[in-house]
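The values are calculated or read from the model by the stated rules, or taken from the named source; none is laboratory data. Just so it is clear, the model here is predicted, and its values are computed rather than measured. Virtual Cβ from ideal backbone geometry, glycine too; neighbours counted across all protein chains shown. Side chains included, ligands, DNA and RNA excluded: accessible areas come from the protein's heavy atoms. Shrake-Rupley method; radii C 1.70, N 1.55, O 1.52, S 1.80 Å.
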Amino acid sequence: MTESIELDERLLAKAAELLEACRACGETVATAESCTGGLVAATLTAIPGSSDVFERGFVTYANSAKSEMLGVPFWLIERHGAVSEDVARAMAGGALTHSQASLAVAVTGIAGPDGGTQEKPVGLVYFAAGRRDSPIRSECVPFGDLGRAEIRRLSVERALTLLLSFL
């Protein structure tokens, strides 16, 4: 059975807040997403007029896509795993490098229901965000096994919050 995420009013309000703050500061946004599968980009672009802020999104679900589209070194993925702080940081940096955006956010994690391990359980999500020519910030959030849709929804919300912290 598949679970779907709904773009609820809270997520849409946060996206609208981010877009307005970016407009006020002259910032543009790119996303690099794995476990969210483009939901951060979809949430931002659900807001009418978002095209003046949202520059592009990279959905890099496969490891090869992370390397090909974002320039994440394959050895980094092999050494730390796709779900890691190092890879999240490289994804955010790659989104900035391969776009014209001034801000980028990256999300990589294990939404479940499968794929978790003792070291990296279902619900573990890494985030990274940065501004062009500035250090990348990253964080790890262990949401727990809340179900695939809820982990993804919470990840979108956290990614938007992280981007807002730069404004």
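Looking across P73, P121, one residue alone is open to solvent by 50 Å² or more (accessible area, probe 1.4 Å) and free of Cβ contacts under 8 Å to residues at least 60 places away in the same chain. It is P121.
Would you confirm, using the coordinates I've provided, whether A101 is outside any loop (DSSP other than H, G, I, E, B), crowded, with 21+ Cβ neighbours inside 10 Å, within 17 Å of the chain's Cα centre (by Cα) and at pLDDT 95 or above? No. Within region 34-70, which residues are touching a residue at least 24 places away in the same chain (Cβ under 8 Å), of a type in the set (A, V, I, L, M) and farther than 23 Å from E20 by Cα? Within region 34-70, V59, M69, L70 qualify.
Here is a yes/no grid of residues against (1) open to solvent by less than 60 Å² (accessible area, probe 1.4 Å); (2) farther than 30 Å from C25 by Cα:
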{"residue": "R89", "(1), (2)": "no, no"}
{"residue": "G116", "(1), (2)": "yes, yes"}
{"residue": "R152", "(1), (2)": "yes, no"}
{"residue": "L160", "(1), (2)": "yes, no"}
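Evaluate the following for A42: is it over 19 Å from A90 (Cβ atoms), open to solvent by less than 60 Å² (accessible area, probe 1.4 Å) and among the small types (G, A, S)? Here the answer is yes, as A42 does meet what is asked. Test A46 against the stated conditions and say whether it is modelled with pLDDT of 95 or more, in contact with a Leu (Cβ under 7 Å, 6 or more places away or on another chain) and within 19 Å of R131 (Cβ to Cβ). When the stated conditions are applied, A46 does not pass them. Scanning region 125-167 for residues that are closer than 16 Å to V87 by Cβ and among the charged types (D, E, K, R) yields R137, E139. Only one of the numbered conditions (1) touching a Pro at 6+ places or on another chain (Cβ under 9 Å); (2) open to solvent by 60 Å² or more (accessible area, probe 1.4 Å) is not met by S67, and that is (2). Being in a helix (DSSP H, G or I) and not aliphatic (A, V, I, L, M) holds for only one residue in E139, E119, E157, and it is E157. Here E139, E78 are screened, and the one residue that is touching a residue at least 12 places away in the same chain (Cβ under 8 Å) and open to solvent by 10 Å² or more (accessible area, probe 1.4 Å) is E139.
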